[in-house]
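Novice: Take this structure first; my questions come after.
The values are calculated or read from the model by the stated rules, or taken from the named source; none is laboratory data. On a predicted model such as this, the values are computed, not experimentally measured, just so you know. Ideal geometry is used to build each Cβ from the backbone, glycine not excepted, and the neighbour counts take in all protein chains shown. Surface areas here come from the heavy atoms of the whole protein model, side chains and all, with no ligands, DNA or RNA. Shrake-Rupley method; radii C 1.70, N 1.55, O 1.52, S 1.80 Å.
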Amino acid sequence: MKEENISLIGVVENGKGYVTFNIIKNIFMESGFSLIHENKNGNIAFLSSSENIYIGIINISFENLKHLSSLEINFDIVVCTNIGYKILLRKEEKLFFTYLNGIIILNIDNENNIELLEGNDKALVITYGLNNKATVNASSLDINNSIRFNFCLQREIKTLYKDTIEPLEFPVEINLFGKEYIYSALAAISVALCYGLNIDDIRYGVLNVEGSYRKMEKIHEDDFIAIDNFCMNPEDYSSVFETIQHLKYKNIVLLNGIEIDQGIHTIKENLEIVLNWIPILGIKKVIFYIDKKDRLIEENIKYLFTEKRFPFNIYYNLKECIQTGLNLIEKDDMFLFLGSDILKDSKHILVDEIGK
């Protein structure tokens, strides 16, 4: 493979699971590309077509942005997903976006992302989101045990091969649920259009993508459903709750994992988001698992939840948390797991306890 024959796609994506990265890869594979190399972490992939077109897809963490700025890698497309809640990128990290001269596909629903375009007048920018100002958005949203929407290109764009794509609209289905998958699909489809891929192949690639670890992951589905999602900040919690309200269930038992290193300010904001959604979602009890004893966190939980007269438990053992939750679960209920990596063993423990 000669370097000049490789078209590079960079996916700047926060959090775990490489959601957007995997949808892009799946669309290319459904469009006839073959996977010729993927690293063991699953965040770098190279594909080729029968016409000797080579595509490289690289997932870029925000921590690595400052290192890439000095390498002068020529990305044809860079996708910037939601950069998270109130994340402030340093000057050396923003520098990466300043030098881009290809296509930048940007989530416009997060107003922080606009700052990334400062100082760059060379790149072609395609924005995506759920608002009408975006170049690409979703209409007729239908979220239940799968996601359906119409992909809408609001104005014409140029492909990498200088072809013009006029405004268009077509239906999309994702066999998963979660607001994050909507954003990732919008971004991935935008990438595919920039390469001129066939719309039927694009739709099929999105439909058949597999869910990601701890991204609205179904960890049990029988007489009740258990869902696990990685959450660290208020934006994560709000996104999950917005999705949950569209699903079918009777009541929710929420197991909330709190890592003391998150800091009391973020923890309090997360707790307030939970309290705001309790009456909307029909949460009947919150069970807290805290990774270490911390008097300040306990006092804040007790103050906020006692003031609202809402039942809760605090544990420092994850297995005891899950056992308590299972004792509260009834038919057609939802057992919802939200928290950081301290909940990574939840699925294993839950399966063992159900087996008993």
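Novice: What 222 nm value per residue comes from the helices of the chain, counting each DSSP H run with n ≥ 4 as -39,500 (n - 2.57) and dividing by all residues, nearest 500 deg cm²/dmol?
Specialist: Numbers: 10 runs with 113 residues, N = 356.
Calculated mean residue ellipticity at 222 nm is -9500 deg cm²/dmol.
Novice: Here's something else I'd like to know. Once both axes come from the Cα atoms, what is the angle between helix 295-307 and the longest principal axis of the chain, in degrees from 0 to 90, rounded to 10?
Specialist: Around 80 degrees separate the two axes.
Novice: Can I ask one more? What is segment 213-349 by shape, rounded, prolate or oblate, if you read a ≥ b ≥ c off the alpha carbon gyration tensor as root eigenvalues and call it rounded for a/c under 1.5, prolate for a/b larger than b/c, and oblate otherwise? Each step should come with its number before you reach the end.
Specialist: Values: a/c = 1.42, a/b = 1.30, b/c = 1.09.
The shape class here is rounded.
Novice: Report the label-to-label distance for residue 300 and residue 67 in nanometres (one decimal), using points 7 Å from each Cα along the Cα→Cβ vector.
Specialist: So the two model labels end up 3.2 nm from each other.
Novice: Just to be sure I understand, if you calculate Rg/Rh (Cα atoms, Kirkwood Rh) for this structure, which of (i) 0.99; (ii) 0.95; (iii) 0.97 do you get?
Specialist: From the options (i) 0.99; (ii) 0.95; (iii) 0.97, the structure gives (i).
Novice: Still on this model: Note the angle between two axes, namely the Cα long axis of helix 318-328 and the longest principal axis of the Cα atoms of the chain, as a number of degrees from 0 to 90, rounded to the nearest 10.
Specialist: 70
Novice: On average, how much accessible surface per residue is there in segment 270-319, in Å², for a 1.4 Å probe, leaving out ligands, DNA and RNA?
Specialist: Values: 2790 Å² over 50 residues.
Counting only protein heavy atoms, the per-residue value for segment 270-319 is 56 Å².
Novice: According to a simple spin-label model (label point 7 Å from Cα along Cα-to-Cβ), what is the distance in nm between residue 125 and residue 200?
Specialist: It is 3.7 nm.
Novice: If you count, for each residue, the other Cβ atoms within 10 Å and average over each peptide, how do 97-109, 280-292 line up from highest to lowest? Write down the numbers at each step before the final one.
Specialist: Numbers: 97-109: 20.6, 280-292: 18.8.
Ranking the peptides 97-109, 280-292 by packing returns 97-109, 280-292.
Novice: At 0.36 nm per residue, and after removing the present C-alpha to C-alpha distance, how many nm does the segment from residue 173 to residue 265 gain when stretched out fully?
Specialist: Residue separation times 0.36 nm, minus the Cα-Cα distance, leaves 29.3 nm.
Novice: Right, something else. Compute the label zone of residue 161 within segment 183-205: residues whose backbone N is under 13 Å from the point 7 Å along Cα-to-Cβ.
Specialist: Hits in segment 183-205 for residue 161 at 13 Å: 193-199.
Novice: With respect to the cross-link table entries 133/179; 122/158; 285/319; 66/292; 268/331, which display a Cα-Cα separation exceeding 22 Å? Kindly include the intermediate steps, with their values, before the conclusion.
Specialist: Details: 133/179 19 Å; 122/158 15 Å; 285/319 17 Å; 66/292 33 Å; 268/331 32 Å.
Violating the 22 Å limit, Cα to Cα: 66/292; 268/331.
Novice: Right, another one. Round to the nearest 0.05 the FRET efficiency obtained for residue 248 and residue 41 when R0 = 51 Å and r is the Cβ-Cβ distance.
Specialist: Efficiency at R0 = 51 Å is approximately 0.90.
Novice: Relative to the first principal axis of the alpha-carbon coordinates of the chain, what is the inclination of helix 19-30, with its axis defined by its Cα atoms, in degrees from 0 to 90 and to the nearest 10?
Specialist: 50
Novice: Kindly provide the trypsin sites (Lys or Arg not before Pro) of segment 116-177 that DSSP labels as loop, not H, G, I, E or B, and whose Cβ sees at most 14 other Cβ atoms within 10 Å.
Specialist: Working: sites: 122, 133, 148, 155, 158, 162; in loops: 122, 133, 155, 162.
Passing sites in segment 116-177 are 122, 133, 155, 162.
Novice: Using a 1.4 angstrom probe, figure out how much accessible area segment 115-234 has per residue, in square angstrom, rounded to the nearest whole.
Specialist: On the way: 5290 Å² over 120 residues.
I get 44 Å² per residue for this part.
Novice: Carbon and sulfur together cover what percent of the accessible area of segment 173-297 at a 1.4 Å probe radius? Mind showing how you got there, number by number?
Specialist: On the way: 2180 of 4900 Å².
Here carbon and sulfur together make up 45 percent of the probe-accessible area.
Novice: Still on this model: Rounded, prolate or oblate for segment 274-351? Axes are the square roots of the Cα gyration tensor eigenvalues, ordered a ≥ b ≥ c, and the cut-off for rounded is a/c under 1.5. It would help to have the intermediate numbers written out before the result.
Specialist: Working: a/c = 1.90, a/b = 1.10, b/c = 1.72.
Judged from the Cα gyration tensor, segment 274-351 comes out oblate (a/c at least 1.5, b/c at or above a/b).
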